[in-house]
């Protein structure tokens, strides 16, 4: 107590000045609207600035936690998007494609029934720079996929199913040196044999088209339907150029393929429903 009295006596003038200043400011604020508004606005601005700086500091200190949360949320959203994409693709094409979804599938002219069964699949691996290129899809025997069935994209030929496991299958594409496809010029119906010539993933060669076929640049090349792999009239590609060697009776026709193997993602496996019946009948005839 003694020290307190000593402090007051020593600084009484300063303390009196501070008290009088506070009383003065209180009277000014209480009885003068303009000064009261100005001081309140200044106080609010100072308070708001302090709150903003405090919030910014708090947010900065919690950046790592926020970043970890965003990373986890992005991973969850990405997984949901991929699931929805696959679900949407399945819902669009269905377990068995219809002529409206894949227009290249023909129907019986009398009954209207489908002649081919169609199964959508997604390409999960591929090669385009080898002699024997391949594709891998996410469907296998558990989904009804069988070897030696045709594979197409939405509008053009892709290849033929080769090996099948329970949940996966590999495809020999057109851009594989070992695959030959029966094809024809749509404009004049002249037929030949299409084979990849290792030019690039977008081009193949149509051989054995006779020189009187009058092949033209821009001609459409389609399947003949002679094999049990593909329906007739499935688009393969368009003629880019042709050569006719002196003394030869056949064109060498260069075809730009309709399937872009650099960006292929979804395919359709085409299973000819009367295949076994046809093969059995032909086997009897060969005997």
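Tabulated data for the structure shown
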read-out	value
Separation of the residue 50 and residue 264 label points, Cα + 7 Å toward Cβ, nm	7.0
Estimated distance in nm for a label pair at residue 26 and residue 129, the labels positioned 7 Å out from Cα along Cα-to-Cβ	8.6
Relative contact order for the stretch 206-287, counting Cα pairs under 8 Å that sit 6 or more residues apart, in percent	28
Ranked packing of 200-209, 240-249, most packed first, by mean Cβ within 10 Å	200-209, 240-249
Tail weight of P(r) past 20 Å, computed on alpha-carbon pairs of the stretch 94-287, percent	56
Ranked packing of 18-24, 214-220, most packed first, by mean Cβ within 10 Å	214-220, 18-24
Modelled FRET efficiency - R0 51 Å, residue 280 with residue 241, Cβ distances, 0.05 increments	0.75
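FYI, it's all coordinate maths here, none of it is from the lab. None of these values were measured; they are calculated from a predicted model. Don't worry about glycine lacking a Cβ; one is built from the backbone with ideal geometry, like all the others, and counts go over all protein chains shown.
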